[in-house]
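The values are calculated or read from the model by the stated rules, or taken from the named source; none is laboratory data. Because the structure is a prediction, the values reported are computed rather than measured. All Cβ positions, even for glycine, are placed from backbone atoms using ideal geometry, and neighbour counts span all protein chains on display.
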Amino acid sequence: MRIIIVGCGRLGSELANSLWLDRHDIAVIDRDPEAFKRLAKTFTGSRVTGHAMDQQTLKTARIENVDAFVAVTGDDNLNIISARIAREVYFVPRVVSRIFDPVRANIYERLGVSTVSTTVWAVSKIEDLLFHRALDVQLSFGNGEVELIRIAVPAGLFGRTVESITIPGELQVAVITRHGRPFIPTLGTVFEEGDVARVAVARGAMSRLEEFISAVA
């Protein structure tokens with residue numbers, strides 16, 4: 001995949017290095033040529049010095065034939081404007097922008113630009129560490145509105161069905177691993193000793209899940 005990354009700060013450089021190791025074709029844009037020193041010595045993708053809203057800079061990065069565009073500078077305005085240029089002028093199929101302001105992130109999501117609000121994500125993670133340390137969070141969706149929790153099924157659930165712990169819209173068992181083999185359960189699936197469940201949980205139901213697991217442990 002050909003990907004343009006705007007911003008070679010800590011996040012942009014780490015993303016570029018990771019994607020390069022996965023054998024993607026990467027072009028990094030930054031106004032400061034010194035920023036490229038953050039890239040790994042083995043990185044041989046394109047380094048483009050310039051402004052991401054400048055048409056010549058984007059053409060130098062070969063935006064006409066990229067598969068994805070990611071804007072992760074420390075400037076919300078630069079990120080969102082360059083992302084919209086990529087989407088609406090050059091019709092890049094996959095566009096992602098980092099936005100610090102969660103209110104603006106929601107607005108631009110509705111305009112069709114995928115956003116990552118690091119502020120909301122950080123708040124979500126801090127709350128997990130403060131209030132839900134007993135839960136093994138394996139994956140967060142969006143900015144933490146829904147999380148996938150790993151649970152070693154406690155003895156109090158053996159012989160009970162998945163439906164018995166399902167709360168529509170709040171808590172749902174997505175996967176059960178039994179004898180090393182994962183499968184998608186039905187509401188009628190019965191928990192067995194040794195089961196490990198991955199449960200999709202809405203943020204507002206985290207405390208409820210924690211209390212329930214403690215009660216049946």
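Remarks
- Here the range 135-165 is the region considered, the condition is being touching a residue at least 24 places away in the same chain (Cβ under 8 Å) and of a type in the set (S, T, N, Q), and the residue that is farthest from residue 177 (Cα to Cα) is 143.
- Exactly one residue out of 94, 198 is modelled with pLDDT of 90 or more, closer than 30 Å to residue 56 by Cβ and among the charged types (D, E, K, R): that is 94.
- Among residues of the range 159-175, those that are under 23 Å from the mean Cα position of the chain (by Cα) and over 16 Å from residue 210 (Cα atoms), counted: 3
- Candidate set: the range 17-39, residues that are at pLDDT 95 or above and small (Gly, Ala, Ser); chosen: the one surrounded by the most Cβ atoms within 10 Å (Cβ to Cβ): 27
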